[in-house]
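Take a look at the structure below.
The values are calculated or read from the model by the stated rules, or taken from the named source; none is laboratory data. Since this is a predicted model, take the numbers as computed values, not measurements. A quick note on method: Cβ atoms are made from the backbone with ideal geometry, for glycine too, and the neighbour counts reach across all protein chains shown. Note: accessible area is taken over every heavy atom of the protein model, side chains too, but ligands, DNA and RNA are not part of it. Shrake-Rupley method; radii C 1.70, N 1.55, O 1.52, S 1.80 Å.
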Amino acid sequence: MPLNIPNLLTLLRIALIPVFVVVFYLPYSWSNEVTTLIFALAGLTDWLDGYLARRLKQESPFGAFLDPVADKLIVAAALVLLVQAHPTPLLAIPALIIIGREIAISALREWMAAIGERVKVAVMMVGKLKTSAQIGAILLLLYGDSIGPFPTYDAGIVLIYVAAALTLWSMIVYLIKAWPILQGKSS
């Protein structure tokens with residue numbers, strides 16, 4: 001395991017998850033602000049580790065494996081906490097769509113890699129848009145309190161539905177690309 005700066009940032013993102021969970025449950029008025037900052041820091045490290053890996057030519061198989069795992073773990077943790085704090089179908093449905101898609105596409109990528117077809121399900125621009133919408137929505141939902149006249153929580157709900165729509169769209173694109181292989185037809 002190469003311990004370079006990008007991989008250390010990814011490991012930091014994973015290490016932030018228990019801190020994130022503990023702060024989320026603290027009974028203080030500022031806990032939502034700190035939780036939001038921790039999630040924002042995790043989002044920043046997600047962008048920064050990829051940028052530095054490319055820029056410093058420190059891309060590694062370990063980093064390629066761990067980076068998406070770290071992303072999925074913190075997003076899933078945040079969504080589970082948010083649904084627990086706001087147990088309504090309004091939030092549970094997009095959370096289930098997002099988490100379910102991540103499980104399905106991770107399994108598809110693993111299977112495609114095992115049969116030597118990984119390139120068919122490589123990351124695409126719609127996936128990057130989905131990730132950006134998810135991070136933005138989760139930040140707004142975590143903060144929750146209105147900022148002046150801006151209804152942060154309501155904006156987060158709208159954005160989580162945008163993220164869920166992009167999530168479904170990206171899953172469909174991945175499945176269409178993989179469909180011939182899934183049917184047993186050669187590429």
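Would you check if VAL80 is among the aliphatic types (A, V, I, L, M), open to solvent by 50 Å² or more (accessible area, probe 1.4 Å) and assigned by the TED database to the domain that holds TYR25?
Working: among the aliphatic types (A, V, I, L, M): yes; open to solvent by 50 Å² or more (accessible area, probe 1.4 Å): yes; assigned by the TED database to the domain that holds TYR25: yes.
Against the criterion (among the aliphatic types (A, V, I, L, M), open to solvent by 50 Å² or more (accessible area, probe 1.4 Å) and assigned by the TED database to the domain that holds TYR25), VAL80 qualifies.
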Only one of these is in contact with an Asp or Glu (Cβ under 8 Å, 6 or more places away or on another chain) and either in a helix (DSSP H, G or I) or under 24 Å from ALA42 (Cα atoms) (or both): VAL83, VAL158, VAL173, VAL75. Name it. VAL75
Hey, could you check the range 1-57 for residues that are among the hydroxyl-bearing types (Ser, Thr, Tyr) and modelled with pLDDT of 95 or more and say which is nearest to THR131 (Cα to Cα)? THR36
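Could you say which residue among GLY100, GLY50, GLY116 is closer than 29 Å to ASN4 by Cβ and either assigned to a helix (DSSP H, G or I) or touching a strand residue (DSSP E or B) at 6+ places or on another chain (Cβ under 8 Å) (or both)?
Details: GLY100 fails: closer than 29 Å to ASN4 by Cβ; GLY116 fails: either assigned to a helix (DSSP H, G or I) or touching a strand residue (DSSP E or B) at 6+ places or on another chain (Cβ under 8 Å) (or both).
Just a single option satisfies the conditions, and that option is GLY50.
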Within the range 136-155, residues over 15 Å from ALA92 (Cα atoms), in a helix (DSSP H, G or I) and more than 18 Å from the chain's Cα centre (by Cα) come out as THR152, ALA155
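Being crowded, with 20+ Cβ neighbours inside 10 Å, modelled with pLDDT under 95 and assigned to a helix (DSSP H, G or I): is that true of ILE105 here? So that I can check it myself, show each step before the final result.
Working: crowded, with 20+ Cβ neighbours inside 10 Å: yes; modelled with pLDDT under 95: yes; assigned to a helix (DSSP H, G or I): yes.
It is true that ILE105 is crowded, with 20+ Cβ neighbours inside 10 Å, modelled with pLDDT under 95 and assigned to a helix (DSSP H, G or I).
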Need the failing condition index for LEU48 against (1) within 23 Å of ILE103 (Cβ to Cβ); (2) in contact with a Leu (Cβ under 7 Å, 6 or more places away or on another chain); (3) open to solvent by 20 Å² or more (accessible area, probe 1.4 Å), just the number. (1)
Could you please find all residues in the range 1-17 being exposed (fewer than 14 other Cβ atoms within 10 Å of the Cβ) and under 12 Å from ALA42 (Cβ atoms)? ALA15
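For residues in the range 28-44 being of a type in the set (A, V, I, L, M) and touching a residue at least 12 places away in the same chain (Cβ under 8 Å), which is least open to solvent (accessible area, probe 1.4 Å)? First the steps, then the outcome.
Looking only at the range 28-44, we keep the residues that are of a type in the set (A, V, I, L, M), and these are 34, 37-38, 40-42, 44.
Then keep just the ones that are touching a residue at least 12 places away in the same chain (Cβ under 8 Å); that gives 38, 40-42.
Values: ILE38: 20, ALA40: 42, LEU41: 79, ALA42: 1 Å².
Here the residue is ALA42.
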Looking at ILE176, ILE160, ILE99, which one is touching a residue at least 12 places away in the same chain (Cβ under 8 Å) and either within 20 Å of VAL69 (Cβ to Cβ) or open to solvent by 40 Å² or more (accessible area, probe 1.4 Å) (or both)? ILE99
